[in-house]
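Below: one structure, written as structure tokens.
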Amino acid sequence: MTGTPTSPDIEEAVEAALGKLDLDTKTRLLAGQDMWSLPAVPEIGLESLVMSDGPIGVRGVRWTAGDPSVALPSPTALAATWDPDLARRAGTLLAQEARRKGVHVLLAPTVNLHRSPLGGRHFEAYSEDPFLTGEIGTGYVRGVQSGGVGTTVKHFVANDAETDRFTVNNLVGERALRELYLAPFEAIVENAHPWGIMTAYNSVNGTTMTEHHHLVNEILRGEWGFDGVNVSDWTAARSTVGGIEGGLDLAMPGPDTVYGEALAQAVRDGGVEESTVDEAVRNVLRLAARVGLLEGVAPAVTDLPEAVDSEGLAREIARRAFVLARNEDAALPLRPGTTVALIGAAARDARVLGGGSATVFPDRTVSPLDGLTAALTDGSLSYAVGADPNTELAVADKGFELRAVCRDEAGTVIGTGAAPTGALTWMGTDLPEGVTHDTLHSVELTGTFTPRESGPHTFGIKGTGTFTLTVDGTTHFDAVQRPADDADPFETFFGAPQPRAQAELTAGQPVEVSLTHIVALPEGPGFKSLVFALAHQAPQRDPDELIAEAVAAARAADTAVVVVATTERVESEGFDRKDLRLPGRQDELVHAVAAANPRTVVVVNSGSPVEMPWRDEVAAVLLSWFPGQEGGAALADVLTGAFEPGGRLPTTWGALADAPVTQVVPVGGELPYSEGVFIGYSAWEKAGRTPAYPFGHGLGYTDWTYESVEVHGTTVKVRVRNSGERAGREVVQVYLAPTTPDPDRPARRLAGFAGVTATPGETAEVTVQLPRRAFEIWDEGAWSFVKGSYEIQVGRSITDRRLTATINV
Ligand code: BGC
């Protein structure tokens, strides 16, 4: 059962509960109780509702590797499957995770669009195309809610970049808003009935989204009939009256927000009608009832789906998402008995997910090296680092044994906490037993470090405030570390660690390490979070030597597999990208390896597009996204040919210099979306430029012949034949192009797609129903159906169009 429209029983229970609440309790409920939850109200049988990020896993209320979660592939990867049913299954797994962790509402999915490839959270959104985004988002929301767990579709709306995200005023024309940015939200509201939505930090056309009466009350609720909760993005609510009048139900995190007492007072002063507050409370109670937290009424879902095998599904999604962008002379799959030189830092230390609030902590990750070692058991695998893009320090992890010791002002130990890594993130009341914010004066991360390599090791600090760093008995830093002037307010989460100590260490010989932080949280009420990290970097090898080693390994093997990657400092929440280049000397590495071995396969481990200046020099290019915790196992499945890579590009991959829409930096606080409805492939087509790989592109291990297309009304039937030598899956894409070009309209738009499987020689038929919206434009305040002649173009990508048919509507 999917997220259903509300039931009469739930409405009745909500009204009864609302009638029993006094004003102060109502406004306290809307303010939240802590970082992730709402207060319980036992008088009306309301339990505390817990929310958590999202979208590739369920982190739960604690931000620590000590509370692990399944990590699925990045949202870009999920969209690359072009399979809403697989997205639904992912959602079912996430609901299972949420239940395991006591979470009732998942802060996901992210359905903002890939407007500019520089967007820092590009990896966390699905696509540049609103239709594909809406389809994948619908599947996802249906899946999560079928498990009785709510969703908050985010970030409503036009939160498509990170620079100055709290203040930027995005200037978006009505038409682009309707046809592009609002479209996925609209489709998901209509088709999956999400129980929540999250309003963004940014402003749209002069009004901040947490106060946007027009977009929230008039469009989302009024036109589309959304009956769920509108929760602010974290700390986005700025005005008591503006928020409540603008349709914002929940101001998070609590409890000291613009709601609570301030809202009660506004009602008492006559600035806000109590009925407006009631409307918000009704929405919150309805959500609580749906997820089973309101006594006396059955939750929206009583039949839970069957248990999901998490590792199996994570692995399946990863291989279904990998996009084989190039495969000369059938370089892939690898022939049995092939010797393989695996190269790349990310082949050993896999980058399985993107940074920021989307972070979860899987209890295991399978790296490409792990995956291939398990698959190629005949000793045919060698490994070389080649180039390490991690030029900065990373959170202390491998080799560290740490714990967190809490002391009061007198220096007495008042509690001890686990520290599975060097990152300490304690939010709200999530403190070690016996410790309170009133008594806590300092936290010391202390323990040992056993190096893997001998040489100069660098240690550093991430976070702001007073720190003391001691390594092997020497105190290297005892001072205040401050953020840069232009830092994002969440800099402590996303900022770069600062190198503060260097020590000459010997492999295998443990040394004592200690990082003490003097806690300086704001006095009095207000949300309290304690975030800092001990960072480390192993001795850096000579980069020329590393490349030479990799070249030698490549020369000695039949095939070289080079894994190149972005880093957490490239793709994350909190900042945008500056360019699309692979960090470090990875491009140089690929050029050198390709020159040494004609059978070079490059695996690109990034959540969003990177430039690949070597792509015509190598035999194969496989885009693996951030592949989630089972990524290395899925990679082995695909390289060995046990499965074919099933992905198609959900977004255009091209060089930054050619990309038509790139701007993410506001000028004078404003970011004009001056390209109107032309983003992604529409913009590339309009500009007449050719990207490296177009939207929809992706090869498999078999061939497909497009045999026929028939159109009856708006039903398109396509026959394809598997003309290759092995079974496979094809994504049949249907584009709709007005026959008479209109300069104000994209030349063509994705109007439908369907996946189909067939064995060699087998013919299969797919049926695609063209939605009415594909023929409409937003014109002077209303949807307008554009009559006339259209070409239906069917093919394998936006540029590889195999069949056409003309219709008149
Ligand atoms: C992000 C949201 C996230 C929230 C809670 C914000 O910084 O923009 O996507 O859900 O934090 O972690």
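The values are calculated or read from the model by the stated rules, or taken from the named source; none is laboratory data. Predicted, not measured: the structure shown is a model, and the values here were computed from it. When we count neighbours, we look across all protein chains shown, and the Cβ atoms used for this are built from the backbone with ideal geometry, even at glycine. Just the protein is used for accessible areas: all its heavy atoms, side chains included, with ligands, DNA and RNA removed. Shrake-Rupley method; radii C 1.70, N 1.55, O 1.52, S 1.80 Å.
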Between ALA16 and ALA782, Cβ-based FRET efficiency (R0 41 Å, step 0.05) works out to 0.55
Quick one: compute the contact order of segment 225-283, relative version, from alpha carbon pairs under 8 angstrom and 6+ residues apart, as a percent. 38
Percent relative contact order for segment 702-808, counting Cα pairs under 8 Å at least six residues apart, stands at 29
Binned Cα-Cα distance frequencies in segment 373-475 - 10 Å width, integer %: 11, 35, 27, 15, 9, 3, 0
Compactness of the chain - radius of gyration and Dmax, Cα, Å: 26.7, 82
Taking every DSSP beta bridge with both residues inside segment 8-290, roughly what % is antiparallel (nearest 5)? 20
Sites excluded, GluC sites (Glu not before Pro) in DSSP loops with at most 15 other C-beta within 10 Å, longest stretch of the chain: 1-272
List the trypsin sites (Lys or Arg not before Pro) within segment 755-809 that DSSP assigns to loop and that have no more than 10 neighbouring Cβ atoms inside 10 Å. LYS787
Counting sequence-distant residues (5 or more places) and residues on other chains, those with an amide H built under 5 Å from that of LEU505 are GLY455, HIS457
Which parts of segment 590-616 would a label at ASP579 reach, counting a residue when its backbone N lies under 13 Å from a point 7 Å out along Cα-to-Cβ? 611-613
Under a 1.4 angstrom probe, counting protein chains only, how are ARG541, ARG351, ARG452 ranked by accessible area, largest first? ARG452, ARG541, ARG351
Those aspartates and glutamates that a straight Cα-Cα span of less than 13 Å connects to LYS398, excepting residues fewer than 8 apart in one chain: ASP349, GLU453
In deg cm²/dmol and to the nearest 500, what is the mean residue ellipticity at 222 nm of the chain if only DSSP H runs of at least 4 residues count, each as -39500 (n - 2.57), divided by the residue total? -6500 deg cm²/dmol
Accessible surface, the chain, averaged per residue in Å² (probe 1.4 Å): 36
Most to least accessible of ASP363, ASP388 (protein chains only, probe 1.4 Å): ASP363, ASP388
Tell me, what is the FRET efficiency for HIS441 and THR391 to the nearest 0.05, using R0 = 41 angstrom and their Cβ-Cβ distance as r? 0.70
Putting +1 on Lys and Arg Cβ atoms and -1 on Asp and Glu Cβ atoms, find which of THR806, VAL786, GLY713 reaches farthest to the positive end of the dipole of segment 702-808. GLY713
Suppose we keep just the DSSP beta bridges with both residues in the chain; what percent of those would be antiparallel, to 5? 75
Please list VAL667, VAL564 from largest to smallest accessible area, probe radius 1.4 Å, with all protein chains kept in place. VAL667, VAL564
Relative contact order of the chain, defined on C-alpha pairs under 8 angstrom at six or more residues apart (%): 16
Surface accessible to a 1.4 Å probe, LYS20 within the full protein complex, Å²: 140
If you roll a 1.4 Å probe over the chain with all protein chains in place, what percent of the accessible area is carbon or sulfur? 48
Could you pull out which residues in segment 574-599 have an amide N less than 17 Å from a spot 7 Å beyond the Cα of ASP558, following the Cα-Cβ vector? 597-599
